[in-house]
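The values are calculated or read from the model by the stated rules, or taken from the named source; none is laboratory data. Owing to the predicted nature of the structure, the values given are computational and were not obtained by experimental measurement. Here the Cβ is made from the backbone with ideal geometry for all residues, glycine too, and neighbour counts use every protein chain on show.
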Amino acid sequence: MIPRQAVTVLGATGSIGVSTLDVLARHRDRYSVFALTAHRQWQSLAEQCLEHRPRYAVMGDPGEAQALREVLSLKGSSTEVLQGEEALRYVAGHDETDIVMAAIVGAAGLLPALAAVEGGKKVLLANKEALVMAGGLFTRAVRDHGATLLPIDSEHNAIFQCLQNERADCQAGELAQRGVRRIMLTASGGPFRTRPLSELSQVTPEEACAHPNWSMGQKISVDSATMMNKGLEFIEACWLFNARPEQVEVVVHPQSVIHSLVEYTDGSVLAQMGNPDMRTPIAHALAWPERIESGVASLDLIATARLDFCEPDYQRFPCLSLARQAAETGGTAPALLNAANEIAVAAFLARRIRFDQIALVIERVLERLPVNEPDALDVVQNADLEARTLAQTLIDAL
């Protein structure tokens, strides 16, 4: 009988966290829940703790932590409630944790994910910002600490499957040495793929968050609408698979059935297909190199009927172009891009700037701030802070 593996879910109340717990609940004989974390949604985390009975629960906000502590005590739960960034790193790198789902959205997920890597864990990376901000430092830490890094984004997980890796070393060798000609990242195009350009300035947060295929949080939904999400995935793919920017292409595929493709030098193209449900890549990474039931329905090719593809429209999606430029520039440029985007998206959701001004803020930040060599974590963090400060100043002036 296989010993149960202990899983920590960072960002348990988000869409990835909820999907992860759904998969774990289907395999209680294989997995136990060691720790769950959330920033503010203590009511949702309380429900999860009562169902999955983790040893620890971590809240980012002290007031929310106290509320969670009180309700769990009333319910007779033995889960210990911790709080703050240090507690996040503690549960991520804990000796009793075997697997860490790194699903905290944004730059806030970098340090906990890095703690899991430094603890030599099997890290399921759903937080793309960790590689966007500090790809070189992060991948070096994976090698130095003997961690296992598996991608959760549906596109990167698809590429990983198509590369037919015998071991979880995504970066093993140059792509050309592995017989790979190019990687193709698919993108749905979001809710505004066919919206007239003249109307994009009038887009509301509600419209931007209404993704046609995927159920996601607000920030990621807006990123999908601007295609910055695909831009961040572009940068992440370069780090994950040891690829140069010119070896990665973005292809718009509205149905979201083919999650990504890999073309080999002999002309073969391998594609990973499936219904747009994040439980598929989560189950794949949890059990890799085995396969387990995810709860996802079988793909009905007859009902799908057709698959469409086209090139991305960079005039419609300037954020995608900015991300590609940042990848080509290298250094701290991706960290600047990510930080400016987080501030701009938050401002859009708060109705302080228009949808079409998100890219404008990011572009101006990239133009005005210097790019440095990210040879230490504090360099990355300083770039992140500078970009956030400047982005906020630019937003205030709009």
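Annotations
- When L307 is tested against (1) of a type outside the set (D, E, K, R); (2) within 23 Å of the chain's Cα centre (by Cα); (3) under 19 Å from H211 (Cα atoms), only condition (2) is not met.
- Only one entry in A25, A102 is crowded, with 22+ Cβ neighbours inside 10 Å and modelled with pLDDT of 95 or more, namely A102.
- The one condition in (1) at pLDDT 95 or above; (2) in contact with a Leu (Cβ under 9 Å, 6 or more places away or on another chain) that A243 fails to fulfil: (1)
- Some residue of segment 271-280 being part of a helix (DSSP H, G or I) and touching a Ser or Thr at 6+ places or on another chain (Cβ under 8 Å): yes
- E86, sole failed condition from (1) part of a strand (DSSP E or B); (2) closer than 30 Å to W288 by Cα: (1)
- Residues within segment 182-193 that are closer than 21 Å to M216 by Cα and out of contact with any Ser or Thr (no Cβ under 7 Å at 6 or more places or on another chain), tallied: 5
- Members of segment 244-259 that are in contact with a strand residue (DSSP E or B) (Cβ under 8 Å, 6 or more places away or on another chain) and under 13 Å from R324 (Cβ atoms): Q247, V248, E249, V250
- The residue that is surrounded by the fewest Cβ atoms within 10 Å (Cβ to Cβ), among those in segment 115-133 that are touching a residue at least 40 places away in the same chain (Cβ under 8 Å) and within 24 Å of G331 (Cβ to Cβ), is E129.
- For segment 374-388, residues that are surrounded by 14 or more Cβ atoms within 10 Å (Cβ to Cβ) and not in a loop (DSSP other than H, G, I, E, B) total 10.
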